[in-house]
Amino acid sequence: MHDLLIAPFVEFGFLRRALVGCLALSVSAPVLGLFLVLRRMSLTADVLAHGALPGVALAFLLAGLSAPALWFGGLVAGLLVAVGAGALSRATGGREDATLAALYLVALGLGVAMISMGGGGAADLSHILFGNVLGVDDAALLLMAGVSTLTLALLAFAWRPLVLECFDPSFAAAAGARGGAWHLLFQGLVVLNVLSAFQALGTLMAVGLMMLPAIAARHWARQVSGMAYAAVGVALASSVVGILVSYHLDVPTGPAIVLVAGAAWAVSVLAGPVDGLLARLMRRRHLAG
């Protein structure tokens, strides 16, 4: 048991750094994912991750695989997509999700084209999209921990307005909750959390750790606070188990963590006490009896 669960982290420093970084991300990102689920915006994190790609690609062409440069470039591009979609939808009267979809498709194509035209190969593109656990250094760890701390601190202030806007946006508007400002802050935090996981999980795999635990959490609790705790718990367990699976089976770390989180979601759908398939089946048998 020691060789299976503990020895890899004792022996390899890069696994310890990856574990600490993923645990930091697991504390904040799934809570944001929960609000995306409650707002029926589950695909927004994926859209913003794609939207950040041109900035990441430009930073890669200028500075190579420099974590601060890649993070800053992705942050600028992701915020431009998030803020631009909101501004365009309000200016034209169109739906924000449609504007986001258009912008992220253009951004994705532009980012891939920039990497290819700049001489980057499939390996470089794979690193940007899916990450590399070997690239998690002290700077990346500090970035993950800092973003997680900042996210939790801001959510402590934004929790009530965000919950109110999820369930009763009309009352929130009448009460002067400034939903637009909180919405922009929330989208900015989503971009920050996706990009902070860039080195370990890549821009795309980070979305899986944000959304899958949040989607699974609805099967374990009915209150928002309970779902938040469940989402964080699933994310923490997925990070630990995913890294161990990656080490023992020699598979990429990002996909391994996401697949473990996907398995946790499947178990939640099947056996979760809140609207799980087994719980529904037992309830129907009880009513029939």
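The values are calculated or read from the model by the stated rules, or taken from the named source; none is laboratory data. Note that the structure is a prediction, hence the values are computed from the model and not measured. Ideal geometry is used to build each Cβ from the backbone, glycine not excepted, and the neighbour counts take in all protein chains shown. Areas reflect the complete protein model, heavy atoms only, side chains present, ligands, DNA and RNA absent. Shrake-Rupley method; radii C 1.70, N 1.55, O 1.52, S 1.80 Å.
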Restricting attention to the range 150-168, the residues that are among the small types (Gly, Ala, Ser), over 16 Å from Val191 (Cβ atoms) and surrounded by 12 or more Cβ atoms within 10 Å (Cβ to Cβ) number exactly 0
Within the range 240-289, residues within 25 Å of Leu23 (Cα to Cα), not aliphatic (A, V, I, L, M) and not in a helix (DSSP H, G or I) come out as Asp250, Pro252, Gly272
Quiz item: Do we find a residue being part of a helix (DSSP H, G or I) and of a type in the set (Lys, Arg) anywhere in the range 198-218?
Solution: no
Output for Cβ contacts, cut-off 6 Å, separation at least six or different chains, first residue touching a residue at least 12 places away in the same chain (Cβ under 8 Å) and more than 24 Å from Gly226 (Cα to Cα) in the range 7-32, second open to solvent by 50 Å² or more (accessible area, probe 1.4 Å) and among the hydroxyl-bearing types (Ser, Thr, Tyr), reads Pro8/Tyr247
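So that you can scan it fast, the table gives a plain yes or no per residue for (1) closer than 21 Å to Leu162 by Cβ; (2) outside any helix (DSSP H, G or I):
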| residue | (1), (2) |
| --- | --- |
| Val37 | yes, no |
| Ser42 | yes, yes |
| Ala45 | yes, no |
| Leu48 | yes, no |
| Leu61 | no, no |
| Pro68 | no, no |
| Leu75 | no, no |
| Val83 | yes, no |
| Gly86 | yes, no |
Going through (1) open to solvent by 40 Å² or more (accessible area, probe 1.4 Å); (2) of a type in the set (A, V, I, L, M); (3) under 26 Å from Ala139 (Cα atoms) one by one, Leu53 fails only at (1)
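Okay, residues lined up against (1) over 15 Å from the mean Cα position of the chain (by Cα); (2) open to solvent by 60 Å² or more (accessible area, probe 1.4 Å):
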position	(1), (2)
Leu48	no, no
Leu61	yes, yes
Gly86	yes, no
Thr92	yes, yes
Checked pairs for the range 240-258, first modelled with pLDDT under 90, second open to solvent by 60 Å² or more (accessible area, probe 1.4 Å) and in a helix (DSSP H, G or I), C-beta under 6 Å and 6 or more apart or across chains, list as Gly254/Phe130
Flagged pairs (Cβ under 9 angstrom, 6 or more apart or on separate chains; first in the range 73-100, closer than 18 Å to Met41 by Cα and modelled with pLDDT of 70 or more; second part of a loop (DSSP other than H, G, I, E, B) and open to solvent by 70 Å² or more (accessible area, probe 1.4 Å)) are Ser89/Arg95; Asp97/Leu43; Leu100/Leu43
Of the residues in the range 201-256, those that are among the hydroxyl-bearing types (Ser, Thr, Tyr) and either more than 18 Å from the chain's Cα centre (by Cα) or open to solvent by 30 Å² or more (accessible area, probe 1.4 Å) (or both) come to Ser225, Tyr229, Ser246, Tyr247
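Applying the selection to the range 10-36, what residues are of a type in the set (Val, Ile, Thr) and either open to solvent by less than 10 Å² (accessible area, probe 1.4 Å) or under 12 Å from the mean Cα position of the chain (by Cα) (or both)?
Selection gives Val27, Val31.
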